[in-house]
1. Could you calculate the contour length gain from K38 to A51, that is, 0.36 nm times the residue separation minus the distance between their Cα atoms, to one decimal place in nm?
2. Expressed in nm to one decimal, what extension gain is obtained for the pair K21 and V92 from 0.36 nm per residue of sequence separation less their Cα-Cα distance?
3. Step through the residues of region 34-43 one at a time and calculate ³J(HN,Hα) from phi using the Karplus curve (6.51 cos²θ - 1.76 cosθ + 1.60, θ = phi - 60°), rounding each to whole Hz and writing x for Gly and Pro.
4. If packing is taken as the average number of other Cβ atoms within 10 Å across a peptide's residues, how do 86-94, 29-37, 58-66 rank, most packed first?
5. May I ask you to evaluate 6.51 cos²θ - 1.76 cosθ + 1.60, the Karplus curve with θ = phi - 60°, for each residue of region 58-67 and list the ³J(HN,Hα) values in order in whole Hz, giving x for glycine and proline?
6. Extension gain Y5-D103, at 0.36 nm per residue separation less the Cα-Cα distance, in nm?
7. Structure shown: which of K43/K93; K62/K93; K7/K93 lie over 29 Å apart, alpha-carbon to alpha-carbon?
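Values in this text are rule-based calculations from the coordinates and carry no lab data. Here the structure is a predicted model, which is why all the values come from computation and not from measurement. When we count neighbours, we look across all protein chains shown, and the Cβ atoms used for this are built from the backbone with ideal geometry, even at glycine.
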Amino acid sequence: MSSSYQKVIIVGKLARDPEAKVTTSGTTVSNFTVVTDKKFKDKDGAYKEKAAFHRCKCFGKKADVINQYLKKGSLVCLEGELDYGDYTKDGVKHYTTDIVVSDFTMMGGKPQSGGEGYTAPAPAHASDDYGDESPF
């Protein structure tokens, strides 16, 4: 019997503030975008930088923590799995890829005004078992 497993880990900064929603069943949802970048040399030896934007979503207590503590510019390490979807708009079919976050670690402290700088790093790890109290 074979089994398969999927896991995505990214470290990046929030491109915008999280968007909080509540489902009809009362579950909190957080939608946000994380940007990662890589630096490389092109064939001429010049340094280049390429950014990738990752659509992310999280549910439940973890979504509450993300909505409360993360803002544009926050540095975060996310773990989760890919979720593929599609929708039709104006007769054109569009495909989506989201990361459904199962765990995360805040890495950069609180963003300063405008999300530009950071205070001294104070890692905090999100967990399912903190009950009604915030882990921070």
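1. 4.0 nm
2. Separation in residues times 0.36 nm, less the Cα-Cα distance, equals 22.9 nm.
3. Calculated HN-Hα couplings, in order: 10, 10, 10, 9, 9, 10, 8, 9, 7, 5 Hz.
4. 58-66, 29-37, 86-94
5. Residue by residue, region 58-67 yields 9, 10, x, 4, 5, 5, 4, 5, 4, 4 Hz.
6. Extra length from Y5 to D103 when fully extended: 33.7 nm.
7. K43/K93; K62/K93
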